[in-house]
1. Mind checking the full-extension length gain between Val93 and Ile57? Use 0.36 nm per residue of separation minus the Cα-Cα distance, one decimal, nm.
2. Can you work out the FRET efficiency for the pair Phe71 and Arg138, with r the C-beta to C-beta distance and R0 = 22 Å, to the nearest 0.05?
3. Around Ile137, under 15 Å between beta carbons, what's the net of Lys plus Arg minus Asp minus Glu among the other residues?
4. Averaging over every viewing direction, what projected area does the convex hull of the Cα atoms of the stretch 81-163 cover, in nm²?
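Computed from the coordinates by the stated procedures, all read-outs in this text should not be read as laboratory data. Just so you know, these numbers come straight off a predicted model, no measurement behind them. Note: ideal-geometry Cβ built from the backbone for every residue, glycine included; neighbour counts use all protein chains shown.
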Amino acid sequence: MLWELVQEQSHIAEAQSLARFFHLYYHQFFHVKEVLVNTPSSKALIKKEQKISSWRIFLLSTATFAFLILFWIVGDFKQDPFITETLSIRGEVLSGSKLFKINCVGCHGISAQGFVGPDLHEATQEMSDKKIINQVIRGLTPPMPSFEIEPQSMADLLAYMHSLN
Ligand code: HEC
């Protein structure tokens, strides 16, 4: 009975010291935080840091934007010689139709109506010739493969696709 009482007392004491410890810890933590936030100098420091970082973000995004525009303009001027040559050739629809039947119908359908690949009837309205050429020779959108093709054949294919709409 006495022993139980002693044990209970020591448990209470334990719990109390634990609570005191946590209270101290808690108090210390918030005290430190309060000091950090309320001291004018540290406030100024935090503000300064925020200013620098937003200034950096602004600079970085402006520079990225400028570079993107630069690359875009330079890329447009430095056109692929294959594209330049293809665009200078007058294509023949019939020859293009034959090429299409051999190379493209497996995916785009016998009359380009779409199958695995999309319907190509509106392709020349939605895409520039340059983009279509890139689509055919670059293989950027699998599963469509890249084709090794002569500029004359590419011009014929383009003429065929223009004849579709
Ligand atoms: C193995 C299947 C396959 C073959 C062969 C193929 N294509 Fe495609 N093609 C596709 C697929 C799939 C897409 C859609 C790609 C994407 O944008 O995700 C596509 C997209 C295109 C597009 C863009 C259409 C659009 O509206 O975005 C054009 C133009 C095109 N193909 C032309 C051709 C031509 C010309 C040939 C033959 C020389 C050809 N394709 C052969 C599968 C194929």
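1. Gain on stretching Val93 to Ile57: 7.7 nm.
2. Efficiency, from the Cβ-Cβ distance: 0.80.
3. Value of the local net charge: -3.
4. Directional mean of the projected Cα hull area for the stretch 81-163 stands at 4.7 nm².
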